[in-house]
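Just below is one structure, and these are the notes that go with it.
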Amino acid sequence: MKSYHALYSQIDAMGQSAWSTQLKRQLVERFAIKAHGKMSVWQTALAALPDIKPSQVELQSEVVIASDAEVSTDQRDVMTQQLKHFHPWRKGPYKLFGIDLDTEWRSDWKWDRVSPHITPLDGRKILDIGAGNGYHGWRMEGHGAELVVGIDPTRVFAMQYLVMQRYIESTRHFVLPIGIEDLPAKLSCFDTVFSMGVLYHRRSPLDHLFELRDCLRSGGELVLETLIVEGDAGQVLMPSGRYAKMRNVWFIPSIDTMCLWLERCGFTNTRCVDISTTSLDEQRQTDWMNFESLADFLDPKDRTKTIEGYAAPIRATFIANAP
């Protein structure tokens with residue numbers, strides 16, 4: 001695909017030509033019409049977006065593409081209609097030619113909590129696992145990253161990325177519709193790896209940590225955000241069924257347990273840099289995501305508990321270095 005041509009040469013320059021060859025094949029397969037029941041709808045909507053060259057793009061403090069003055073009322077109406085085809089919009093927010101995409105998650109709040117603690121991104125090559133539609137990747141580019149490769153197997157998120165890429169035309173940020181299991185083993189080439197909101201969805205959290213380590217160069221930085229529970233080292237919640245209505249939550253560790261897992265997997269300089277209770281203002285239903293959200297996942301009589309009776313979501317961010 002044309003949107004990814006600039007990525008292949010950069011991967012080759014990293015000494016990963018076998019990966020770029022594999023990736024070309026994967027992207028053809030993942031964006032094929034038969035790959036998803038809505039792929040033809042998404043591709044038609046993408047092509048129908050107004051062909052406008054924005055005069056400015058802001059990625060550092062927020063994600064803003066141009067202003068409402070750069071489109072006519074009719075063009076904005078067409079754009080809004082086409083953007084609705086990519087529902088649900090979960091990560092953001094975005095401002096696109098004056099259209100406020102008020103996404104389910106205030107992902108900018110998470111970025112504001114995490115970014116002060118990480119190594120400055122200037123000139124770094126970054127892998128963002130569980131990237132969603134690439135919101136955080138755009139912010140990483142805005143903070144000087146040389147290359148951001150986001151991966152997320154959910155097709156609609158990759159299509160949402162392509163909506164923004166249509167206007168931003170970045171040669172430094174890409175979202176691929178693949179999972180970590182689709183990456184070559186032992187890449188060992190990224191300066192920073194982000195894994196935010198992924199660990200508790202993995203059946204084997206330690207295997208996931210080894211996968212993350214193998215993507216990093218020696219001394220590279222891991223930024224990991226996950227659900228946590230209160231408790232000492234060794235404390236882990238394994239839900240008997242769903243957690244906050246999510247089917248695929250396997251292990252939620254305590255802070256001390258998470259640090260222990262990282263250390264047992266060979267990471268060094270491990271520390272927890274942020275703890276935050278997810279609020280109803282940070283994750284909620286909007287016009288751009290009208291499915292159930294956090295308010296529906298909590299006990300209506302006791303917001304400190306999930307609908308199943310577990311402790312309500314608390315998230316922590318950990319930073320560590322590869323050996």
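The values are calculated or read from the model by the stated rules, or taken from the named source; none is laboratory data. This is a predicted model, so every value here is computed, not measured. Neighbour counts run over all protein chains shown; Cβ positions are idealised from the backbone, glycine included. Areas reflect the complete protein model, heavy atoms only, side chains present, ligands, DNA and RNA absent. Shrake-Rupley method; radii C 1.70, N 1.55, O 1.52, S 1.80 Å.
Observations on the structure shown:
- Here the simple spin-label model places points 7 Å from the Cα toward Cβ, and for Glu58 and Ala13 these points are separated by 2.9 nm.
- Selection from Thr317, Ile307, Pro54 lying farthest towards where the dipole of the chain points positive, charges on Cβ: Ile307
- Label point distance in nm, Gln75-Ser40, each placed 7 Å from Cα along Cα→Cβ: 3.0 nm
- Put a plus charge on the Cβ of each Lys and Arg, a minus charge on the Cβ of each Asp and Glu, and nothing anywhere else: the dipole of the chain about its Cα centre is then about 840 debye.
- In this label model, Asp207 and Ala32 are separated by 2.6 nm, measuring between points 7 Å along each Cα→Cβ vector.
- Accessible carbon and sulfur surface of the range 153-298 relative to its total accessible area, %, 1.4 Å: 46 percent
- Nearby aspartates and glutamates by direct alpha-carbon distance to Lys2 (threshold 12 angstrom, same-chain neighbours under 8 apart not counted): Glu169
- Split the accessible area of the range 1-147 by element, probe 1.4 Å, and carbon with sulfur accounts for 49%.
- Pairwise Lys count, the range 42-192 - Cα closer than 16 Å, eight or more residues apart or different chains: 4
- Its relative contact order, with pairs defined as Cα atoms under 8 Å and 6+ residues apart, puts the chain at 15 percent.
- Ranking Leu147, Pro184, Thr119 by Cα position along the charge dipole of the chain, where only Lys, Arg, Asp and Glu carry charges on their C-beta atoms, puts Pro184 farthest toward the positive end.
- Option label - P(r) over Cα pairs in 10 Å bins from 0, in percent computed here, alternatives (1) 5, 17, 26, 28, 17, 6, 1, 0, 0; (2) 6, 26, 34, 25, 8, 1; (3) 5, 18, 19, 14, 12, 11, 11, 7, 3, 0: (2)
- A Gaussian network model of the chain, with springs between Cα atoms under 10 Å, assigns the largest mean-square fluctuation among Pro184, Pro116, Pro93 to Pro116.
- DSSP bridge pairs, the range 150-303: antiparallel proportion in percent, nearest 5: 40 percent
- The chain, accessible area per residue, ligands and nucleic acids excluded (1.4 Å, Å²): 43 Å²
- Charge dipole of the chain about the Cα centre (unit charges at C-beta), most positive-ward option of Gln16, Tyr135, Ser276: Gln16
- With DNA, RNA and ligands ignored, accessible area of Glu29 (1.4 Å probe; Å², nearest 10): 100 Å²
- Isotropically averaged projected area of the range 1-110, using the convex hull of Cα atoms (one quarter of hull area), nm²: 8.7 nm²
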